[in-house]
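Have a look at the structure below, then the notes.
The values are calculated or read from the model by the stated rules, or taken from the named source; none is laboratory data. Just so we're clear, the structure is a prediction, and the values are computed from it rather than from any experiment. Neighbour counts are summed over all protein chains in view; Cβ atoms, including those assigned to glycine, are modelled from backbone coordinates with ideal geometry. With ligands, DNA and RNA removed, areas are computed over all heavy atoms of the protein, side chains included. Shrake-Rupley method; radii C 1.70, N 1.55, O 1.52, S 1.80 Å.
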Amino acid sequence: MQVKTSYYRDAYGWAGLSLIELGNNGVLRIITERREARHGLATCASVHLRRGAILEHRLGVDYSAVIAVSNPPRITEARVTEQHERALENLHTIRAKVEQFYLQQAAQGA
């Protein structure tokens with residue numbers, strides 16, 4: 001399993017992003033960043049369909065979940081990296097939840 005991870009700073013502060021290829025053009029995207037409307041730091045996982053250079057996520061159809069939320073006094077590169085790496089340590093559990101999500105969808109559609 002190939003995991004591509006990058007850490008960067010944008011207009012909202014530090015963020016960590018990992019992309020994991022799932023096959024059939026599916027990509028698991030795990031991102032750790034400042035919460036937009038609230039205080040704190042969130043790590044979220046979502047599945048996207050790769051269409052060329054674009055990752056498409058269909059709300060209500062594709063997997064999406066909040067993995068972790070914390071409220072550090074400051075959102076630094078070190079805090080983002082630490083929280084993101086902890087989430088990646090549980091990658092096997094996240095992938096199992098993704099598989100279960102799509103199995104349930106397939107069973108409901110049958």
| request: Calculate, for the chain, the solvent-accessible area per residue in square angstrom, rolling a 1.4 angstrom probe over the heavy atoms of the protein chains. | output: 66
| Counting Lys and Arg as +1 and Asp and Glu as -1, each charge on the Cβ, what is the dipole of segment 45-88 about the Cα centre in debye, to the nearest 20? | 80
| said: Tell me whether segment 1-66 comes out rounded, prolate or oblate; compute the Cα gyration tensor, take square roots of the eigenvalues as a ≥ b ≥ c, and use a/c under 1.5 as the rounded threshold. | reply: prolate
| request: For Ile67, list long-range residues whose amide hydrogen, built 1.01 Å from N in the peptide plane, is under 5 Å from its own amide hydrogen. | output: Thr43, Cys44, Ala45
| Relative to the first principal axis of the alpha-carbon coordinates of the chain, what is the inclination of helix 91-109, with its axis defined by its Cα atoms, in degrees from 0 to 90 and to the nearest 10? | 40
| Only Lys, Arg (+1) and Asp, Glu (-1) charged, at Cβ; the chain dipole about Cα centre in debye | 160
| query | Where does the chain land at 222 nm, in deg cm²/dmol rounded to the nearest 500, when only DSSP H runs of n ≥ 4 count, each adding -39500 (n - 2.57), divided by all residues? | reply | -9500 deg cm²/dmol
| query | Roughly to the nearest percent, how much of the accessible area of the chain is carbon and sulfur, given a 1.4 Å probe? | reply | 50
| Which shape class, rounded, prolate or oblate, goes with the chain when its Cα gyration tensor gives a ≥ b ≥ c as root eigenvalues, a/c under 1.5 marks rounded, and past that a/b bigger than b/c marks prolate? | prolate
| How large is ³J(HN,Hα), in whole Hz, for each residue of segment 60-74 in order, when computed from phi with the Karplus curve 6.51 cos²θ - 1.76 cosθ + 1.60 and θ = phi - 60°, using x for Gly and Pro? | x, 10, 9, 4, 7, 7, 8, 8, 7, 9, 9, 10, x, x, 9
| task | Using only the Cα atoms of segment 32-81, build the gyration tensor, take square roots of its eigenvalues as a ≥ b ≥ c, and label the shape rounded, prolate or oblate: rounded if a/c is under 1.5, else prolate if a/b is larger than b/c, else oblate. | result | prolate
| query | How much FRET efficiency would the formula 1/(1 + (r/R0)^6) give for Gln104 and Thr81, where r is the Cβ-Cβ distance and R0 is 35 Å, rounded to 0.05? | reply | 0.60
| Against the longest principal axis of the chain, how steep is helix 77-89, in degrees 0 to 90 to the nearest 10, with axes from Cα atoms? | 30
